[in-house]
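Here is the structure we will look at, set down as structure tokens.
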Amino acid sequence: MLDLDYALEQDRRDPLAPFRAEFVIDDPDTIYLDGNSLGRLPKRTIARLQEAVEQQWGKRMVRGWGEGWMDAPQRIGAKIAQLIGAQSDEVLVADSTSTNFYKLVCAALDARSGRHQIVTEIVNFPTDAYILQGIVRARGDHYHITYVDSQDGITISTDAIVDALNAKDCALVTLTHTAFKSGYVYDMRAITDAAHRAGALVLWDLSHSVGSIPVHLNDCNADFAVGCTYKYLNGGPGAPAFLYVRRDLQAQAMNPIQGWFGQREPICNGLELYSGSRADPLSRWHAVHPIAPRSRRRSRLAAGSRYDAAARKIGCPNRVSHRAVGCVAASARCHAQFAAQRELSRFAHFTRTP
Ligand SMILES: Cc1ncc(COP(=O)(O)O)c(C=O)c1O
């Protein structure tokens, strides 16, 4: 029988119960069931945020990029990978779920060019549907979305999804693994298998699954996934989202947003576009590249003194220019470090929130 004693007994036996003490619970009488929207604040986060702001940002300033911020998307992605059954180099923390969803839908459609059907469900999370509609509008009428209906507003059977697949035309199946309205969980393996048999790719939105139920992306051979970190991962408001691209798809899939942090060399290559003339002050940025050969280091000094001369002309004290060169050098070190990273980093856009 379900009564208060039964509930208290279950609480006493719950192996997760001690974790309650890890969270800020200001109002013990509130039964907070909105973790699906914003998880509670973990006590340890308060000190971590304070440290990040006061010590890292406050004291280290731009040097923070070279002291752990730059590789945070991969480092934290590797931790999330453990929660969703993926390899450490298949998950990247960046941007919002919506942005990541957009990037991966475009990547999937490009990888299946010639196919035009997108299969999703009628009760999917609104942002996913809006983004699909926007992409179809931008790409043209030959693309079309099939919304699989729910008979009861709660569940959609695997058969209904499979029946909707057009084996000649389907490019992408995309579903929110745990449905946001009902908590219904799709059969990831069966749907992924069926989509692959039809020649389509699959993109799972894990926003309501990660940190809440077991997820086995690799075991299910899932192609792409996205998810947020502010619900059951308790990342806090504004915490960046994550994306997953299966390892063997990373080289061929294309990020449609070609921002600087998605490049192998976020700064160096881009600036070459503008640095045709040696008189161009931007060309100095090459001069401070930390992996420049010796002969180029001399020209770096020459460029530095040219900059000093120019700075004197406009009345700037020399040390300002030296400081600027120092900052660029620190930043170039970060970028060189980033350049060594694997294909997945191409799916970063521009947000590198630590
Ligand atoms: C299933 C699902 N997908 C996507 C989003 C949108 O996330 P974001 O605001 O990070 O774009 C949410 C937000 O709650 C969600 O629940």
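Quick notes on this one:
- Residue 68 being surrounded by fewer than 18 Cβ atoms within 10 Å (Cβ to Cβ), small (Gly, Ala, Ser) and more than 27 Å from residue 237 (Cβ to Cβ): no
- Cβ-Cβ contacts under 6 Å between residues 6 or more apart (or on different chains), taken from a first residue in the range 222-251 that is in the same structural domain as residue 82 (by TED's automatic domain parsing) and within 11 Å of the ligand (Cβ to nearest atom) to a second residue that is in a strand (DSSP E or B) and of a type in the set (Asp, Glu), are listed as 226/205.
- Considering the range 19-60, and only residues there that are surrounded by 12 or more Cβ atoms within 10 Å (Cβ to Cβ) and among the polar types (S, T, N, Q), the residue that is farthest from residue 208 (Cα to Cα) turns out to be 56.
- Every test in (1) farther than 17 Å from residue 124 by Cβ; (2) of a type in the set (A, V, I, L, M, F, W, C); (3) not in a loop (DSSP other than H, G, I, E, B) is passed by residue 191 save one, and that test is (1).
- Matching option when the condition is closer than 30 Å to residue 235 by Cα, within 16 Å of the ligand (Cβ to nearest atom) and assigned to a loop (DSSP other than H, G, I, E, B), among 95, 128: 95
- Cβ-Cβ contacts under 8 Å between residues 6 or more apart (or on different chains), taken from a first residue in the range 42-56 that is outside the structural domain of residue 237 (by TED's automatic domain parsing) to a second residue that is surrounded by 10 or more Cβ atoms within 10 Å (Cβ to Cβ) and in a helix (DSSP H, G or I), are listed as 42/22; 43/22; 44/22; 56/64; 56/67.
- Pairs meeting the criteria (first residue in the range 193-221 and of a type in the set (Asp, Glu), second residue more than 16 Å from the ligand (Cβ to nearest atom) and part of a loop (DSSP other than H, G, I, E, B), beta carbons under 7 Å, at least 6 apart or on different chains) are 219/85.
The values are calculated or read from the model by the stated rules, or taken from the named source; none is laboratory data. Treat the numbers as computed from the prediction; the structure is a model and nothing was measured. Don't worry about glycine lacking a Cβ; one is built from the backbone with ideal geometry, like all the others, and counts go over all protein chains shown.
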